[in-house]
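Here the structure is laid out as structure tokens; the discussion comes afterwards.
Computed from the coordinates by the stated procedures, all read-outs in this text should not be read as laboratory data. Not measured: the values here are computed from a predicted model. Glycine also receives a Cβ, built like all others from the backbone with ideal geometry; neighbour counts cover every protein chain displayed.
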Amino acid sequence: MAQTAASQLEFERQLKVAWSCLKDVESKVDEIRKAKDASDREVNEGTFRGTIAMTALQGKLEGEFNENLDMAWKSAEKASELDGSGHIQIAEGTITPNTIKGAVCSLRGDLKFALEKWEEAVNLYNQALQYVPDDAGCYYNIGASYTNKHEAASAMSAFHKVIELEPTGRLGIEAAKTLEKLKAGKLGKKAFSGSWIVLGVLGLFTVTSFFLLFQKPGVGVFGFIFWGGILALYWHKKFK
């Protein structure tokens with residue numbers, strides 16, 4: 001009996017440690033997004049002054065984010081080994097090892113979504129659904145990711161699932177609205193989201209290098225490949 005009580009206490013402790021780790025990173029995704037946006041803004045304005053600092057900050061925040069989620073996952077694994085079907089009750093509701101694992105995958109998906117890595121976000125949300133199969137939030141985020149990927153059919157399928165799970169809930173209502181916009185072709189269209197100034201400067205350097213091909217072939221070839229490559233990459237990244 002003493003052993004059972006000790007095991008239950010350790011099970012509860014591990015889940016509370018995991019939950020605490022999740023709470024610690026709740027605001028991290030927004031902080032990382034802001035650092036990324038600040039860096040992108042520097043590039044779009046053609047200044048680059050704070051780009052290195054913002055990139056370093058983003059890397060630091062991502063490191064802290066992943067460290068906490070790794071700890072949460074390990075604690076959930078330990079709790080699962082003690083009692084795979086057990087649960088605890090906290091102020092926010094019922095917590096199980098699968099609840100924690102689902103939240104870890106979902107939060108990792110949120111980070112990829114914030115960084116506009118849509119395919120990676122979808123994969124992580126789908127991983128989360130293996131642990132929390134009826135999570136409407138995951139399906140909604142999958143739909144939003146597919147919308148940003150311009151894959152309307154997959155997006156609509158995900159939003160239909162949200163409506164099925166929460167027909168009158170907040171996410172269900174938002175999914176229904178988004179679904180109508182997708183059907184009307186008002187969402188999911190590609191557009192240039194970068195700076196026309198930066199695009200113009202890169203274009204000017206590329207054209208200048210092209211004309212140098214006839215005067216100084218060595219310099220011209222290098223410049224044309226270099227600036228043309230950056231121009232193509234910038235367009236590819238910003239046309240979404």
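Give the shape of the range 60-160 as rounded, prolate or oblate, defined through the alpha-carbon gyration tensor: a ≥ b ≥ c are the square roots of its eigenvalues, a/c under 1.5 means rounded, and otherwise the shape is prolate if a/b is larger than b/c and oblate if not.
Numbers: a/c = 2.70, a/b = 1.56, b/c = 1.74.
Oblate is the answer for the range 60-160, as a/c is 1.5 or above yet b/c matches or exceeds a/b.
Over all distinct Cα-Cα pairs of the range 2-115, the Kirkwood formula returns a hydrodynamic radius of 15.6 Å. When the Cα centres of the range 90-148 and the range 149-166 are compared, how far apart do they sit, in Å? About 15 Å separates the Cα centre of the range 90-148 from the one of the range 149-166.
Quick one: pull the percentage of alpha-carbon pairs in the chain with a separation above 29 Å. Summing the P(r) tail past 29 Å for the chain gives 48 percent. First measure r as the distance between the Cβ atoms of Ile230 and Thr168, then evaluate 1/(1 + (r/R0)^6) with R0 = 51 Å and state the FRET efficiency to the nearest 0.05. The pair Ile230/Thr168 has a calculated efficiency of 0.55. Normalised by 2.2 N^0.38 Å, with N the number of residues, the alpha-carbon radius of gyration of the range 134-189 equals 0.97.
Taking the highest mean first, how do the peptides 27-40, 154-167 order by number of other beta carbon atoms within 10 angstrom per residue?
Listed from highest to lowest mean packing, they are 154-167, 27-40.
Hey, with R₀ at 35 Å, roughly what FRET efficiency would Glu180 and Ile90 work out to, going by the Cβ-Cβ distance, to 0.05? Efficiency, rounded to the nearest 0.05: 0.40.
Over the chain, what is the relative contact order in whole percent, taking alpha-carbon pairs under 8 Å and six or more residues apart?
About 14 percent, as a whole number.
Gain on full extension, evaluated as 0.36 nm per residue between Lys16 and Gln130 minus their Cα-Cα distance, stands at 38.9 nm. In terms of packing, defined here as the mean over residues of other Cβ atoms within 10 angstrom, the peptides 86-97, 137-148, 113-124 line up highest first as 137-148, 113-124, 86-97. Projecting label points 7 angstrom from Cα along Cα→Cβ for Val219 and Glu119 puts them 4.1 nm apart.
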